[in-house]
1. Would you indicate which of [x] 8.5; [y] 11.3; [z] 7.0 is the value of mean projected area of the Cα convex hull in nm² derived from the coordinates of this structure?
2. Just report the Cα centroid separation between the range 55-96 and the range 105-127, whole Å.
3. Relative contact order for the chain: what percent, with Cα pairs under 8 Å and sequence separation of 6 or more?
4. So how strong a dipole does the chain carry about its Cα centre when Lys and Arg Cβ are +1 and Asp and Glu Cβ are -1, to the nearest 20 debye?
5. With a length cut of 15 Å (Cα positions projected on each helix's long axis) and a Kyte-Doolittle mean of at least 0.5, go through the chain and give me the DSSP H helices that pass.
6. Hey, fewest Cβ within 10 Å first, where do I82, I92, I35 land in order?
7. Hey, if you put +1 on the Cβ of every Lys and Arg and -1 on every Asp and Glu Cβ in the chain, which of L121, Q27, A56 ends up farthest toward the positive end of that dipole?
Amino acid sequence: MTGMRTPRHRARGLGAARSGTAHFWMQRVTAIANIPLTLLFLALLIALIGSDYGVARAYVANPFVAIILVLLVISGAFHMRIGMQVIIEDYIHSLPVKMICLAGNTLFSAMIGVVCIYGVLRVGLGS
């Protein structure tokens, strides 16, 4: 009687089972969030052309600018981690190597995010 089943019925329950949907949507959400944040960052850079460190520090000390920069760092680091995770999962087939690469990817993305946020806070707070 199993020969009478449709291909869809035989495949049901196999495969990814929607486990990649969350990553797919988070990557799209962070990509969309990065657009206005990057445009605001570029506007800041254009406004600071020819300025010295004191003027740049004064801009970054503004809470709105500091929040925009921190949000850009968080969104960018998270987007980078998700994108690299997809690449690692697709192209590295050895399970031990894949696990090491995924752990390294997460640690690297977190390190980049923490260092950038520290830089924004240090410049913004003037210490």
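Every number in this text was worked out from the coordinates using simple rules, so none of it is lab data. Just so it is clear, the model here is predicted, and its values are computed rather than measured. Backbone-built Cβ (ideal geometry, glycine too); neighbour counts: all protein chains shown.
1. Label [y] holds the value from this structure.
2. Centre-to-centre distance over Cα atoms comes out at 10 Å.
3. Details: 68 pairs, mean separation 40.5, N = 127.
Over the chain, the number comes to 32 percent.
4. Details: 10 positive and 3 negative charges, 151 e Å.
For this selection, approximately 720 debye.
5. Numbers: long enough: 21-47 (39 Å, 1.40); 63-91 (42 Å, 1.57); 95-125 (44 Å, 1.64).
Passing helices, by number: 21-47, 63-91, 95-125.
6. I35, I92, I82
7. Projecting each Cα onto the dipole axis, the largest value belongs to Q27.
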